[in-house]
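Read through the structure below, which is laid out as structure tokens, and then see the notes.
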Amino acid sequence: MATFTVNGRVVSVEKNQKLLRYLRDELHLTSVKDGCSEGACGTCHVLIDGKATKACIPQTDKLEGKAIVTVEGLSDFEKEVYTYAFGKAGAVQCGFCIPGMVISAKALLDMNPDPTEEEVAYAIRNNICRCTGYVKIIQAILLAAEVFRIGEVPRESQEWKVGARVPRIDVREKVTGTGQYPDDVYLDGMIYASAVRSAYPRAIVKAIHTEEARALPGVVGVFTAADVPGINKVGHLVKDWDTMIAVGDTTHYLGDAIALVAAEDRETLEKAKALVQVDYEVLESVRSAEEARAENAPLVHRTGNLLAHRHIHRGNAAFAIAKSKHVLTRRFHTPYTEHAFLEPECAVAYPDGDGVMVLSSDQGTYDTQQETMRMLGLGPDQVKVRNMLVGGGFGGKEDVTVQHHAALVAYLTKRPVKVKLSRAESILIHPKRHPMDMEFALGCDENGIIQGVAAQIIADTGAYASLGGPVLERACTHAAGPYNYQNFEIDGYAYYTNNPPAGAFRGFGVTQSCFAIESLLNEMADVVGISPWEIRYRNAIRPGQELPNGQIVDESTGLVETLEAIKPYYDSAKYAGLACAMKNAGVGVGIPDTGRVRLAVQEGKVHIYAGASCIGQGLGTVLTQTVCGLLSIPPEQVVYEHANTYESPDSGTTSGSRQTLFTGEACRRACESLLNAMKEKSLTELEGREFRGTYLGKTDPLGADVPNPVSHIAYGYATQMCELNEDGTIRQIVAAHDVGRAVNPLSVEGQIEGGVVMSMGFALTEQYPLTDCRPTAKFGTLGLFRAHQVPQIKAIVVEKDGLKVGGGAIGIGEITSIPTAPAIADAYYRYDGKRRSALPLEDTPYSRK
Ligand code: FES
């Protein structure tokens with residue numbers, strides 16, 4: 001028992017527990033986020049006697065007489081200042097790290113009202129942000145310091161329209177911690193559920209003994225695959241993912257759920273899980289793509305170990321390469337990478353009529369609905385899904401992980417339930433970035449003009465299909481690079497193994513193949529005797545030319561402009577590496593891809609309904625700017641509704657950098673209808689009316705028998721440069737990105753900065769080691785960059801007209817992470833003469849021993 005104050009109120013805490021649990025579960029001070037409960041992420045920072053401290057560390061019994069302050073306890077003026085500063089600087093994306101950042105900022109500014117940039121970066125070194133790259137958070141804290149010194153929050157009015165640097169619509173709720181992620185939801189009578197996971201990556205489940213667990217007081221139920229009322233197998237594209245492994249079936253990885261336990265409280269839940277006994281017959285596991293390909297390899301799935309084979313070709317690569325003046329053939333390897341979004345997976349579900357409502361945090365509410373319907377055997381009216389705030393995704397929240405489990409328990413127990421993954425479960429369970437082994441051959445003429453590229457790509461797709469097929473496909477289709485030549489042939493294979501599944505991850509396979517082709521091009525420049533910049537400038541795709549896939553690119557194509565933007569920085573640097581990239585916006589390759597928006601006039605305001613997840617990239621702000629700009633109304637008259645399946649039309653998954661273009665275009669079309677109506681009537685007179693916009697992006701299938709297939713509606717292009725200091729540390733990364741039209745340049749910069757820092761980790765520090773299919777990393781050992789380690793990041797936004805849809809805006813989310821690693825690798829070659837063909841790069845000041 002201890003007595004202390006929380007936000008000035010005296011509290012006496014009987015039960016000794018982690019401060020984090022007390023603040024969240026008993027006081028419901030949900031600004032204190034539970035990102036890892038391992039003392040590693042910093043989202044739970046609070047002030048204890050004025051010092052920023054992680055609330056997941058201290059036990060309440062040790063806090064006698066202490067003064068605890070959370071963001072809820074800040075003065076109104078402080079909340080105003082931080083909201084203004086974080087909004088103005090564009091420092092908020094998914095928002096999950098932000099209250100913890102605010103606490104660390106307050107601890108600093110209370111002691112040091114005029115800090116330097118370095119002091120701010122050091123003050124937040126224990127707060128991980130996976131979205132922003134810290135650049136704008138540091139700027140926000142410096143701005144907050146300035147406002148505190150002035151003593152007054154500036155009053156600024158801005159016109160909300162496309163192209164304006166306006167703050168995110170959700171800044172206030174994310175800064176002050178009032179916005180709700182699923183874990184912030186506490187419902188009356190809510191129980192907790194969690195899965196017992198497999199003890200072996202590959203084993204037959206012979207029996208599941210649940211009696212002891214069921215008998216434990218406080219246990220509400222223990223469920224197995226036999227309790228699934230619908231179809232046990234789920235999966236976006238390939239339905240191969242077991243909701244739970246049934247008795248008699250074989251496990252596929254250590255993340256497989258064997259039983260779901262539901263209990264009145266978390267402690268009982270953990271005790272009950274330990275009482276579930278499972279009998280296994282352990283089988284030999286498949287630990288790598290190489291093992292999966294071997295003759296007589298054990299089968300991960302009965303269908304065989306090959307998930308996908310893609311053969312992408314045009315022209316005659318072998319002939320073109322054979323005839324080339326210069327030919328290089330090299331092998332490359334890229335590893336598994338963990339998304340490490342700050343919000344672990346969590347869903348709350350509750351009975352709703354004869355079905356369920358799921359409060360989710362995912363990249364596609366309609367995807368979650370479809371899979372849950374299938375698993376429960378219910379119709380669309382019986383399964384509703386609504387997104388709460390989403391604390392980052394980066395591709396790792398496309399598959400269901402907790403949503404269907406929560407829905408199942410709510411459906412079976414008729415109780416509200418929360419299912420949340422621990423950080424260790426999150427690291428194990430959701431699909432990762434595919435490790436790939438790649439062999440590339442590149443042929444050039446004497447002037448460095450590319451004649452042909454041939455490659456083989458082998459991917460470990462882990463235990464389940466997830467999006468492994470499309471990821472492999474994008475790795476192959478983009479392996480040619482953004483250049484103007486016509487002979488390429490890529491063979492790609494994705495193999496099931498008993499490792500954690502691999503799927504979508506910012507860049508969607510292109511991050512990997514770009515590392516190979518761009519590294520090879522840098523070496524080729526040396527062979528030809530021209531600079532890496534020059535070889536790209538000579539080969540860069542220009543408007544009206546044909547990409548290697550045959551698509552004729554439009555006037556918006558701005559690769560050359562990104563190269564030109566980088567040139568002054570590149571030319572003046574001593575040790576500099578360079579790389580380019582292209583990335584599609586939208587699903588493309590003939591697959592129907594539709595954006596849909598419904599605008600409804602309700603109580604004098606325009607409500608935006610779109611079943612398109614805003615996962616921190618800022619879609620809500622993009623749509624609000626679009627509506628405000630086209631209708632000439634202020635943001636106070638616009639309400640952005642979170643994606644859901646019962647009010648919002650299906651606008652597809654937040655994937656493939658598609659939402660700004662597809663849902664943005666749908667929104668523009670809906671606005672045109674509303675604008676027409678406003679010619680006759682005022683908004684007040686239109687009360688109750690609704691206006692819909694739909695945009696279907698038509699593309700040609702891969703291998704379509706047409707001369708110039710349109711594989712994708714649009715491509716973004718980029719050039720990034722890395723410059724090193726004399727000691728081998730990174731001085732700066734300059735990233736020039738062609739975005740067509742920037743709806744919100746502040747947001748675009750934030751995407752670039754965040755994507756670059758994420759891929760600095762991919763290039764230099766991040767690891768996801770596996771021992772016999774078991775990940776051994778914790779959040780704190782993943783190797784994520786911290787604020788004080790980040791060099792200068794210069795984001796250059798290149799705008800160019802020409803795209804006829806989406807207001808000319810091309811998605812930016814993924815491409816920001818694609819060329820960074822090869823640019824860094826080349827910078828190290830220029831520094832020490834050593835070519836590096838595997839990630840993370842060896843022998844750099846960032847290398848981990
Ligand atoms: Fe920092 Fe998303 S805004 S983790």
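The values are calculated or read from the model by the stated rules, or taken from the named source; none is laboratory data. Computed from a predicted structure; not experimentally measured. Virtual Cβ from ideal backbone geometry, glycine too; neighbours counted across all protein chains shown. The accessibility values were calculated without ligands, DNA or RNA, using every heavy atom of the protein model including side chains. Shrake-Rupley method; radii C 1.70, N 1.55, O 1.52, S 1.80 Å.
A few comments on the model shown:
- Between the range 254-283 and the range 608-670, the Cα center-to-center distance that results, in Å: 40
- Computed on the chain, with alpha-carbon pairs under 8 angstrom and 6+ residues apart, the relative contact order is 14 percent.
- Enclosed volume per residue, in Å³, of the convex hull spanned by Cα atoms of the range 105-237: 296
- Sorted from longest to shortest, the spans of the Cα atoms of the range 707-790 along the three principal axes equal 47, 38, 25 Å.
- In terms of its C-alpha gyration tensor, the range 338-438 has a prolate overall shape, because the principal axis ratio a/c (a ≥ b ≥ c, square roots of the eigenvalues) is not below 1.5 and a/b outweighs b/c.
- For the chain, a crude dipole built from +1 on the beta carbon of Lys and Arg and -1 on the beta carbon of Asp and Glu, taken about the Cα centre, is about 240 debye to the nearest 20.
- The H on the amide N of Tyr640, modeled in the peptide plane, is under 5 Å from the matching H of Ile608, each at least 5 residues off or on a different chain.
- If you take the Cα centroid of the range 541-567 and the Cα centroid of the range 311-326, the two points sit 22 Å apart.
- Protection-proxy order for peptides 476-483, 524-531, 191-198, each taking the mean of Cβ atoms within 10 Å per residue, highest first: 476-483, 191-198, 524-531
- Share, in percent, of DSSP beta bridges within the chain that are antiparallel, nearest 5: 75
- Separation of the range 671-686 from the range 438-461 is 55 Å, based on Cα centroids.
- A compact globular protein would have a Cα radius of gyration near 2.2 N^0.38 Å; the ratio found for the range 463-613 is 1.33.
- Relative frequency of Cα-Cα separations exceeding 13 Å in the range 52-97, percent: 69
- Solvent-free Debye scattering, log10 I(q)/I(0), computed from the Cα coordinates of the range 150-224 at q = 0.13, 0.15, 0.23 Å⁻¹: -0.72, -0.81, -1.17
- Within the accessible area of the range 684-781, the carbon and sulfur atoms contribute 48%, probe 1.4 Å, all protein chains present.
- Model label sites at Glu26 and Lys51, defined 7 Å from Cα along the beta-carbon direction, differ in position by 2.3 nm.
- For the chain, the 222 nm mean residue ellipticity estimated from helices alone, with every DSSP H stretch of n ≥ 4 adding -39500 (n - 2.57) and the total spread over all residues, rounds to -8000 deg cm²/dmol.
- Heavy atoms of Lys239 accessible to a 1.4 Å probe, total area in Å² rounded to 10: 80
- Over the chain, volume per residue of the alpha carbon convex hull, in Å³: 158
- Solvent-free Debye scattering, log10 I(q)/I(0), computed from the Cα coordinates of the range 1-61 at q = 0.13, 0.20, 0.21, 0.23 Å⁻¹: -0.29, -0.71, -0.78, -0.95
- Calculated Rg and Dmax of the range 722-762 using C-alpha coordinates, Å: 12.5, 39
- Restricting the calculation to alpha carbons of the range 505-594 gives Rg and Dmax of 14.9, 48 angstrom.
- Solvent-accessible area per residue, Å², over the range 561-635 with all protein chains present [probe radius 1.4 Å]: 28
- Taking the square roots of five times each eigenvalue of the Cα gyration tensor of the range 247-353, the equivalent ellipsoid has semi-axes of 45, 21, 15 Å, listed largest first.
- For Lys62, a cut-off of 22 angstrom between C-alpha atoms picks up these lysines, skipping any fewer than 8 places away in its own chain: Lys15, Lys18, Lys33, Lys51, Lys54.
- The range 261-409 - percent of accessible surface contributed by carbon and sulfur, probe 1.4 Å: 47
- Summing charges over neighbours of Lys15, with a neighbour being any other residue whose Cβ is under 13 Å away from its Cβ, gives -3 when K and R count +1 and D and E count -1.
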